[in-house]
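*Asks:* Quick one: structure below, then a few questions.
Bear in mind that the values in this text are calculations on the coordinates, not laboratory data. Here the structure is a predicted model, which means the values were calculated and not measured. All Cβ positions, glycine included, derive from the backbone under ideal geometry; neighbour counts span all protein chains shown.
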Amino acid sequence: MKEAWTGNVIGQMHTNEITYDDLAAELGWNKSYVSMILNGIRKPANGRERIELALKSITERRKNVAKSRCVAGVQASNDK
């Protein structure tokens, strides 16, 4: 049986447009291994914590990039 936290992670991935490839790259794992964990096939020690931290890191980084682009766009329009 799948654990509830995996559903939360997959939901956050969907909402934030994060792929298995994105998550695997952040973790230094391959996509298949991430899939096995989220499908309850593998249960590594600290797997939940590492995945949730990686997901948070990706989300925060993307938010910071979006903020930077927004600020740069405002500055560029003010320079005209």
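*Asks:* Quick check for the chain: number of Lys pairs with alpha-carbon distance under 24 Å, counting only pairs 8 or more apart or on different chains?
*Replies:* 9
*Asks:* Also, quick follow-up: Please state the equivalent ellipsoid semi-axes for segment 1-47: what are the square roots of 5 times the Cα gyration tensor eigenvalues, largest first, in whole Å? Show your work: numbers first, answer last.
*Replies:* Working: eigenvalues 49, 41, 13 Å².
After diagonalising the Cα gyration tensor, the semi-axes are 16, 14, 8 Å.
*Asks:* How much mean residue ellipticity at 222 nm does the chain get from its helices, if each DSSP H run of length 4 or more adds -39500 (n - 2.57) and you divide by all residues, to the nearest 500 deg cm²/dmol? List each step's numbers first, then the result.
*Replies:* Details: 4 runs with 60 residues, N = 80.
Calculated from helices alone, the mean residue ellipticity at 222 nm is -24500 deg cm²/dmol.
*Asks:* What is the angle, in °, between the Cα long axis of helix 4-15 and the longest principal axis of the Cα atoms in the chain? Nearest 10 is fine, range 0 to 90.
*Replies:* In the chain, helix 4-15 runs at an angle near 30 degrees to the longest axis.
*Asks:* Let me ask something additional. Over all directions, average the projected area of the Cα convex hull of the chain and note it in nm².
*Replies:* On the way: hull surface 23.2 nm².
With every direction weighted equally, the projected area is 5.8 nm².
*Asks:* How far apart, in nanometres, would the label points at residue 68 and residue 30 be if each is projected 7 angstrom from Cα along the Cα-to-Cβ direction?
*Replies:* 3.2 nm
*Asks:* Another question, then. Relative to the first principal axis of the alpha-carbon coordinates of the chain, what is the inclination of helix 47-78, with its axis defined by its Cα atoms, in degrees from 0 to 90 and to the nearest 10?
*Replies:* That helix lies at roughly 10 degrees to the long axis.
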